[in-house]
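The values are calculated or read from the model by the stated rules, or taken from the named source; none is laboratory data. The structure displayed is predicted, hence computed values, not measured ones. Because the Cβ atoms are built from the backbone with ideal geometry, glycine has one as well, and the counts that use them run over all protein chains shown.
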């Protein structure tokens, strides 16, 4: 079974990522190494390497592999970087970032998901990852500034505290739009602190709920 998952993972990288133009070899290698099937519910493991998102409980999802890789590539994470992730979820994107960065700080509102994610990243030996239960829209000022910030839920607009906690220079990727449809947006802050905004492709994420995001329904 382990070999079968490895074969499926390699096919995922080849057919879903590289075939669609993703070319950052560090990102592709991280996607090869992190066992996505360990981040989904046991009865869904046979679908873990499919080209789609999957439910993980608490009304949340693990993102489509292409979206995880695309956002990671947009972020341009180097091995020297400190990264803040907003929306730990299953911990899969967290683990990918853990393979790419010097240090990863991840915030999630749902304590049950945090406990599961901590267990998974520990099992993978990713001791450079710190996960905590908190409102991610206010960031994590204790460890700011961050070289890179990744938001993995759809926001009406980028939360201002996150831009404030982004280092100069730095990059931030966030899905912006409505509750039901967004576009990936890249914010680049230069050494003088000036920020440039660029829109990317259409995506669909669960809403970013919090003080500087959507309100709980």
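Summed over the range 139-185, residues that are in contact with a helix residue (DSSP H, G or I) (Cβ under 9 Å, 6 or more places away or on another chain) and modelled with pLDDT under 95 total 0. Of all residues in the range 175-189, those that are on the phi > 0 side of the Ramachandran plot have Cβ atoms under 7 Å from Cβ atoms of residues that are in a strand (DSSP E or B) and modelled with pLDDT of 95 or more, 6 or more apart or on another chain, in 177/154; 177/183. Taken together, the residues in the range 139-153 that are under 14 Å from residue 209 (Cα atoms) and in contact (Cβ under 8 Å) with a residue 60 or more places away in the chain amount to 3. The residue list 74, 31, 12 contains one member that is touching a residue at least 40 places away in the same chain (Cβ under 8 Å), in contact with a strand residue (DSSP E or B) (Cβ under 6 Å, 6 or more places away or on another chain) and in a helix (DSSP H, G or I), which is 74.
This table checks each residue for (1) over 23 Å from residue 171 (Cβ atoms); (2) touching a residue at least 24 places away in the same chain (Cβ under 8 Å); (3) touching a strand residue (DSSP E or B) at 6+ places or on another chain (Cβ under 6 Å).
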residue	(1), (2), (3)
36	yes, yes, no
59	yes, yes, no
68	no, yes, no
97	no, yes, yes
106	no, yes, yes
111	yes, no, yes
129	no, yes, yes
136	no, yes, yes
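Look at (1) within 25 Å of residue 108 (Cα to Cα); (2) under 20 Å from the mean Cα position of the chain (by Cα); (3) assigned to a helix (DSSP H, G or I) and you find that residue 52 fails only one, number (3). In the range 38-49, of all residues being touching a strand residue (DSSP E or B) at 6+ places or on another chain (Cβ under 9 Å) and part of a loop (DSSP other than H, G, I, E, B), the one that is farthest from residue 197 (Cα to Cα) corresponds to 41.
Checked across the range 17-26, the condition of being under 19 Å from residue 174 (Cα atoms), out of contact with any strand residue (DSSP E or B) (no Cβ under 7 Å at 6 or more places or on another chain) and outside any helix (DSSP H, G or I) holds for at least one residue. Applying the set (1) at pLDDT 95 or above; (2) more than 16 Å from the chain's Cα centre (by Cα); (3) more than 20 Å from residue 203 (Cα to Cα) to residue 18 leaves exactly one unmet item: (3).
Please tell me if residue 87 is more than 25 Å from residue 128 (Cα to Cα) and either out of contact with any strand residue (DSSP E or B) (no Cβ under 7 Å at 6 or more places or on another chain) or touching a residue at least 12 places away in the same chain (Cβ under 8 Å) (or both). Criteria not met by residue 87. For residue 98, indicate whether it is in contact with a helix residue (DSSP H, G or I) (Cβ under 7 Å, 6 or more places away or on another chain) and either surrounded by fewer than 20 Cβ atoms within 10 Å (Cβ to Cβ) or part of a helix (DSSP H, G or I) (or both). Judged against the criteria, residue 98 is a match.
Just one residue in the set 42, 80, 25 is surrounded by fewer than 21 Cβ atoms within 10 Å (Cβ to Cβ) and closer than 20 Å to residue 117 by Cα; that residue is 42.
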